[in-house]
Amino acid sequence: MNGSQDEVVSAQLTDKELLKQFKAVEQLDAEDKHLVKTFIDAFLTKRQVQKLAQ
């Protein structure tokens, strides 16, 4: 794999604001990271359920 991890992520994630937010989350302590992951998971699960209900 060529390039740094940031370069690889940047190539896959085109939303620069979201990339900046993920980098900020990486700096949080483990408990806060877990909370952010829980929020994201809950949001994605909600969207999946909404799609199924349509």
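The values are calculated or read from the model by the stated rules, or taken from the named source; none is laboratory data. Remember, predicted model here, so these are calculated numbers, not experimental data. Neighbour counts are summed over all protein chains in view; Cβ atoms, including those assigned to glycine, are modelled from backbone coordinates with ideal geometry.
Go through the range 25-38 residue by residue and tally those that are more than 10 Å from the chain's Cα centre (by Cα) and surrounded by 10 or more Cβ atoms within 10 Å (Cβ to Cβ).
Count: 6.
Any residue in the range 1-15 that is β-branched (Val, Ile, Thr), in a loop (DSSP other than H, G, I, E, B) and modelled with pLDDT of 80 or more?
The answer is yes; a qualifying residue exists.
Cβ-Cβ below 6 Å, separation at least six or inter-chain, first residue in the range 18-41 and without any contact (Cβ under 8 Å) to a residue 24 or more places away in the chain, second surrounded by 10 or more Cβ atoms within 10 Å (Cβ to Cβ) and outside any helix (DSSP H, G or I): which pairs?
Between residues of the range 18-41 that are without any contact (Cβ under 8 Å) to a residue 24 or more places away in the chain and residues that are surrounded by 10 or more Cβ atoms within 10 Å (Cβ to Cβ) and outside any helix (DSSP H, G or I), the close pairs are LEU19/LEU13.
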